[in-house]
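Working notes for the structure below.
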Amino acid sequence: MENNATALKVAKGERNVLKVLSGHPFFKDFKPDHIKVLEGCSSIAEFKQGEYVYRERTPANGLHVITEGKVAIELLVPGHDAFIIMTICAGGVLGWSWAFEPSLWYFSCRAMVPTRTVFLEAECLRAKMKEDYELGYALMRACGHVLEERLRGTRLQLLDLLIKS
């Protein structure tokens, strides 16, 4: 299943984190001053085709907002090739496990093509959420929306598997 995320309102190759965050659909309902705060937790990350963004069972160290490229969310199955659950394109996000104990990734994510993200570091995000509950609510609401979207997608996949079997 592919996530057809909302188009970015950011020029390709943009390296100004504030501009990227402001133009990313994940942050569409955030106040400008909250986006400015999040800029302090952010950096640009680039991944080559085939490179892992993160791996299953490793510490969940932050949130990736995809600005360019495409990433496969994979489930590792011992003795088999990785099973691609979903692909996420520019305009989508990866990772909410950083927000919940034990803060481990439950899937692996691998760049399918050269990919650029803005990486928001977990420790910084948690500290900012404790300082500003309104910002914390906005982040959890946005993450909740992504969770709901992914659960709907997973439900459709399960229905498809049940129908085929």
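Can you confirm whether the range 143-162 contains a residue that is within 25 Å of L38 (Cα to Cα) and among the hydroxyl-bearing types (S, T, Y)?
The answer is no, given that none of the residues of the range 143-162 is within 25 Å of L38 (Cα to Cα) and among the hydroxyl-bearing types (S, T, Y).
Output the strands (runs of 3 or more DSSP E) that fall wholly within the range 44-102 and possess 1 or more residues being in contact with a Phe, Trp or Tyr (Cβ under 6 Å, 6 or more places away or on another chain), or say none.
Working: elements: 52-54, 62-68, 70-75, 83-89.
Of the strands (runs of 3 or more DSSP E) lying wholly inside the range 44-102, those with at least 1 residues that are in contact with a Phe, Trp or Tyr (Cβ under 6 Å, 6 or more places away or on another chain) span 52-54, 62-68, 70-75.
Output yes when any residue across the range 122-145 is in contact with a strand residue (DSSP E or B) (Cβ under 9 Å, 6 or more places away or on another chain), in contact (Cβ under 8 Å) with a residue 12 or more places away in the chain, assigned to a strand (DSSP E or B) and not small (G, A, S), and no when none is.
Looking for residues that are in contact with a strand residue (DSSP E or B) (Cβ under 9 Å, 6 or more places away or on another chain), in contact (Cβ under 8 Å) with a residue 12 or more places away in the chain, assigned to a strand (DSSP E or B) and not small (G, A, S), one finds none in the range 122-145, hence no.
Quick one: is E74 crowded, with 17+ Cβ neighbours inside 10 Å and charged (D, E, K, R)?
Against the criterion (crowded, with 17+ Cβ neighbours inside 10 Å and charged (D, E, K, R)), E74 qualifies.
Restricting to the range 47-62, and then to whatever is surrounded by 18 or more Cβ atoms within 10 Å (Cβ to Cβ) and touching a helix residue (DSSP H, G or I) at 6+ places or on another chain (Cβ under 6 Å), can you tell me which residue is nearest to E101 (Cα to Cα)?
A60
For the range 28-39, give me each residue that is exposed (fewer than 12 other Cβ atoms within 10 Å of the Cβ) and either assigned to a loop (DSSP other than H, G, I, E, B) or of a type in the set (V, I, T) (or both).
Listed by number, the residues that qualify are K28, D29.
Would you please name the residue that is modelled with the highest pLDDT, looking only at residues in the range 4-36 that are more than 26 Å from R150 (Cβ to Cβ) and of a type in the set (A, V, I, L, M)?
Among those residues, the one meeting the criterion is L18.
So which of I73, I84, I44, I35 ends up being under 12 Å from the mean Cα position of the chain (by Cα) and of a type outside the set (S, T, N, Q)?
On the way: I84 fails: under 12 Å from the mean Cα position of the chain (by Cα); I44 fails: under 12 Å from the mean Cα position of the chain (by Cα); I35 fails: under 12 Å from the mean Cα position of the chain (by Cα).
Of the residues listed, the single one that is under 12 Å from the mean Cα position of the chain (by Cα) and of a type outside the set (S, T, N, Q) is I73.
Output the residue which, of all residues in the range 87-104 that are surrounded by fewer than 19 Cβ atoms within 10 Å (Cβ to Cβ) and hydroxyl-bearing (S, T, Y), is nearest to the chain's Cα centre (by Cα).
Checking each candidate, the answer is T87.
So that you can scan it fast, the table gives a plain yes or no per residue for (1) farther than 18 Å from T58 by Cβ; (2) under 15 Å from the mean Cα position of the chain (by Cα); (3) buried (at least 17 other Cβ atoms within 10 Å of the Cβ):
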site: Y106; (1), (2), (3): no, yes, no
site: C124; (1), (2), (3): yes, no, no
site: M129; (1), (2), (3): yes, no, yes
site: H145; (1), (2), (3): yes, yes, no
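List every residue pair whose Cβ atoms lie under 7 Å apart, where the two residues are 6 or more positions apart in sequence or sit on different chains, the first residue falls within the range 43-54 and is farther than 20 Å from L18 by Cα, and the second residue, located anywhere, is in a strand (DSSP E or B) and among the polar types (S, T, N, Q).
Between residues of the range 43-54 that are farther than 20 Å from L18 by Cα and residues that are in a strand (DSSP E or B) and among the polar types (S, T, N, Q), the close pairs are F47/T115; Y52/S108; Y54/S108.
The values are calculated or read from the model by the stated rules, or taken from the named source; none is laboratory data. Fair warning: this is a prediction, and the values are worked out from it, not measured in the lab. Quick reminder, even Gly has a Cβ in these numbers, built from the backbone with ideal geometry, and neighbours come from all protein chains shown.
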